[in-house]
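The structure appears right after this line, and notes come after that.
The values are calculated or read from the model by the stated rules, or taken from the named source; none is laboratory data. Note that the structure is a prediction, hence the values are computed from the model and not measured. Here the Cβ is made from the backbone with ideal geometry for all residues, glycine too, and neighbour counts use every protein chain on show.
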Amino acid sequence: MHPDIRKTFVTTETIYSDGGKAATTPLVMIAAAAVVKNPWAGEGFVEDLAPKIREMAPVLGELLTGLIVKEAGGGDKVVAYGKSAVVGLNGELEHASALIHTLHFGNHYRSAVKGKTYLAFNNTRGPANTPILVPMMGTDDEGTREHYLTMQFNINDAPFSDEIVIALGAALGGRPHHRIGNRYLDLKELGHDQKNPAAN
């Protein structure tokens with residue numbers, strides 16, 4: 001274990017009913033987090049973050065991916081995913097971003113679940129017990145809205161002011177009563193090219 005990792009945290013939420021209606025298949029969402037010492041804490045403004053990114057991001061990516069896959073019962077069970085970081089109050093938002101917005105971190109997870117999309121993300125700053133929100137979207141298709149989900153949790157003693165909480169999220173299904181269609185229907189209705197959704 002990397003000496004800067006203080007602890008890990010895994011939590012699972014299962015939704016059996018929503019809107020007063022039972023789910024045909026309960027929605028299971030998982031989060032795995034690592035509480036790590038901010039590698040740039042106390043150093044003032046650090047121009048080059050790359051050395052510590054290359055040192056820590058692969059370790060965190062491999063560790064958290066393993067925790068998620070174990071809890072899910074296999075990478076093939078994960079159909080939506082995301083990532084998040086909360087830096088303590090003495091850190092920069094860039095410190096939170098640095099350890100998750102790199103392929104050295106995300107590619108471990110993407111490979112394990114055979115994901116084709118980028119990982120939805122969130123990066124914030126806050127004290128211990130800050131709500132940690134992990135937005136998610138489909139692993140195979142960013143346009144499937146039933147997989148637009150958010151896993152929310154908190155860790156009562158993290159982050160310390162000189163720490164960062166790094167988290168991955170997973171969903172094993174979609175929202176229980178998804179009924180808002182997907183973005184491709186909107187594109188069709190608006191006359192947009194589905195293969196180039198940014199075009200007018």
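Data for the structure
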item	result
Some residue of the stretch 84-91 being surrounded by fewer than 17 Cβ atoms within 10 Å (Cβ to Cβ) and either under 21 Å from residue 1 (Cα atoms) or not basic (Lys, Arg) (or both)	yes
Qualifying positions in the stretch 27-54 - at pLDDT 95 or above and surrounded by fewer than 14 Cβ atoms within 10 Å (Cβ to Cβ)	45, 47, 48, 50, 51, 54
Among the candidates 105, 160, residue that is crowded, with 16+ Cβ neighbours inside 10 Å and assigned to a helix (DSSP H, G or I)	105
Residue in the stretch 129-141 that is in a loop (DSSP other than H, G, I, E, B) and hydrophobic (A, V, I, L, M, F, W, C) present	no
Residue within the stretch 120-140 that is surrounded by 19 or more Cβ atoms within 10 Å (Cβ to Cβ), free of Cβ contacts under 8 Å to residues at least 40 places away in the same chain, touching a strand residue (DSSP E or B) at 6+ places or on another chain (Cβ under 9 Å) and under 15 Å from residue 68 (Cβ atoms) present	yes
From 179, 183, residue being modelled with pLDDT under 95 and touching a Lys or Arg at 6+ places or on another chain (Cβ under 7 Å)	183
Check on residue 68, under 22 Å from residue 159 (Cα atoms) and in contact with a strand residue (DSSP E or B) (Cβ under 9 Å, 6 or more places away or on another chain)	yes
